[in-house]
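The values are calculated or read from the model by the stated rules, or taken from the named source; none is laboratory data. Predicted, not measured: the structure shown is a model, and the values here were computed from it. Neighbour counts run over all protein chains shown; Cβ positions are idealised from the backbone, glycine included.
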Amino acid sequence: MDVEEITLGNCRVDFYRDYYSPQQSAEIVEQLAKLPYGYTYFYMPFARKGSRWSKSHRKMIWLTEDPDWVYFFSNNHVGGLKPHDLNQYPFLLDIKKRIERTTRQKFNALLVNEYVGGSEKLNWHDDDDKWLGPQDRVIVPSLSFGTERDFQLRLTVGFGGLLVIWILGV
């Protein structure tokens, strides 16, 4: 499996263009479509139409082995994402284990985002949540199984590609 290593400031990015084959990716997409996704709600204090509550732009599911671990990713998101039992989804456990073998790192949860249309996206953000651990060593694997689109590290992540972001020091 070929990997492209890219250094951006204090980050190293490992890009596995064909981490999953097209056939494997299509099978995973079928399983992903069956997940019980939900939305979070967030407060927009300075919206053009006045302050208001808004539904997140994408569907998400938070999966962990800890039933008490609610996922909050921003101070303005209310309620967070309630945890789903990761052990109930063997195909996701297989993905997690494969990424752990590739990165030689252990991960304790998965966040799955579903982007339905071409206009859904993540805005610029930092993965600097305190629960991710010490901010000088954050590792964020990102798998893509959807339509090919630009990943704003200026790379194109395609169907079945894995991107591992290593933040190596602040």
For residues that are of a type in the set (A, V, I, L, M, F, W, C) and surrounded by 13 or more Cβ atoms within 10 Å (Cβ to Cβ), scanning just the range 4-30, find the one that is modelled with the lowest pLDDT. C11
Yes/no for A33 being among the hydrophobic types (A, V, I, L, M, F, W, C) and modelled with pLDDT under 90: no
Tell me, which residue of the range 92-101 that is within 16 Å of the chain's Cα centre (by Cα) and of a type outside the set (D, E) is surrounded by the fewest Cβ atoms within 10 Å (Cβ to Cβ)? K97
For the range 105-124, does any single residue satisfy the condition of being surrounded by fewer than 13 Cβ atoms within 10 Å (Cβ to Cβ), within 19 Å of Y20 (Cα to Cα) and modelled with pLDDT under 85? no
Hey, among L168, L86, which residue is at pLDDT below 75 and surrounded by 12 or more Cβ atoms within 10 Å (Cβ to Cβ)? L168
